[in-house]
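Engineer: I'd like to ask some things about the structure below.
The values are calculated or read from the model by the stated rules, or taken from the named source; none is laboratory data. The structure presented is a predicted model; accordingly, all values stated were derived computationally and were not measured. Cβ placement follows ideal geometry from the backbone for every residue including glycine, while neighbour counts extend to all protein chains displayed. Accessible surface areas use protein heavy atoms only, side chains included; no ligands, DNA or RNA. Shrake-Rupley method; radii C 1.70, N 1.55, O 1.52, S 1.80 Å.
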Amino acid sequence: MGFVITIDGPAASGKSSVSRELSKKLNIPWVSTGSFYRGLGYAAIESKINLQDPIALSELCHSKSWKIEMTPEKTLVWFNEKNVTDLIAQEQVGSVASQISHYPEVRQSLLDHQRNCATDRNGLIAEGRDCGTVVFPHAEVKIYLTARSDSRAQRRAQELGADQQVTADLQKQRDTQDSTRKTAPLSIPHDALVIDTTELSLEGVVQKVLEFTNGKI
Ligand code: DC
């Protein structure tokens with residue numbers, strides 16, 4: 001399977017930016033597992049599938065109408081051959097993703113697809129909510145990123161050109177949902193390095209991860 005690094009944490013804690021930089025520095029591919037939930041949510045809406053029907057949703061997990069593609073810059077999502085990556089970045093799609101992610105059937109159906117991202121001998125950097133606890137419990141390196149909620153909302157609102165208060169409210173709701181659900185809730189893996197990114201630059205966070213990784217790779 002190769003060397004696996006997991007990066008978990010709440011919404012907009014910097015998981016993708018850190019994964020992208022680490023991926024460049026270590027030459028290991030990376031994937032956003034949130035893209036699977038966002039992609040599924042988007043595909044469900046477009047296909048008019050009831051978001052409260054876990055069986056229909058889990059069937060859609062195996063549909064060829066949508067797919068995930070790992071690239072060095074972003075995890076791309078394709079729906080009916082159209083690149084919908086930018087469309088699913090909106091916080092509203094994040095909320096749908098969070099809503100459907102609490103169904104055990106959905107999580108189970110996406111699990112193999114997520115694990116398959118690591119079959120490459122080059123290893124994988126996987127970021128999300130349960131990467132270190134459920135998807136890759138035996139990962140060599142586990143990181144948990146956190147940051148003050150106001151600075152996370154500010155960061156994401158700026159990125160998306162969205163209203164900061166609306167973003168903050170949606171993120172708060174999403175974090176509560178993600179950390180209180182019964183199946184694979186957002187939690188700190190017991191063997192993870194926890195980094196608060198509020199006062200750190202991207203380079204500073206990456207440096208801490210590299211120091212922690214050093215010697216294990
Ligand atoms: O990382 P993100 O914001 O793209 O994730 C969107 C939602 O997907 C998140 O609020 C909950 C769900 N998710 C999950 O349940 N497990 C993961 N490993 C990743 C994301």
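Engineer: Between region 67-107 and region 162-184, what's the alpha-carbon centroid distance in Å?
Structural biologist: Region 67-107 and region 162-184 have Cα centres separated by 16 Å.
Engineer: Helices from the chain with mean Kyte-Doolittle at least 0.0 and a Cα length along the axis of 15 Å or more, per DSSP H: which?
Structural biologist: Counting only whole DSSP H runs, the qualifying helices are 34-46, 202-213.
Engineer: Also, quick follow-up: Quick one: compute the contact order of region 107-207, relative version, from alpha carbon pairs under 8 angstrom and 6+ residues apart, as a percent.
Structural biologist: So the answer I get is 33 percent.
Engineer: Right, next: What are the radius of gyration and Dmax of region 1-84, computed over its Cα atoms and given in Å?
Structural biologist: Cα only, region 1-84: 14.5, 42 Å (Rg, Dmax).
Engineer: Moving on. Could you work out [θ]222 nm for the chain from helices alone, using -39500 (n - 2.57) per DSSP H run of at least four and dividing by all its residues? Round to the nearest 500 deg cm²/dmol.
Structural biologist: Value at 222 nm, helices only: -14000 deg cm²/dmol.
Engineer: Additional query: Counting only protein heavy atoms and a 1.4 Å probe, tell me what percentage of the chain's accessible area is made up of carbon and sulfur.
Structural biologist: Answer for the chain is 50 percent, counting heavy atoms of protein chains only.
Engineer: So what is the diffusion coefficient of region 124-217 in µm² per second by Stokes-Einstein at 20 °C and 1.002 mPa s, using a Kirkwood Rh over Cα pairs?
Structural biologist: After rounding, the answer is 146 µm²/s.
Engineer: OK, next. I'd like to compare 181-192, 93-104, 166-177: which one has the highest average count of other Cβ atoms within 10 Å, and what's the full order after that?
Structural biologist: Final packing ranking: 93-104, 166-177, 181-192.
Engineer: Rg and Dmax of the chain, Cα atoms, in Å?
Structural biologist: 16.2, 49
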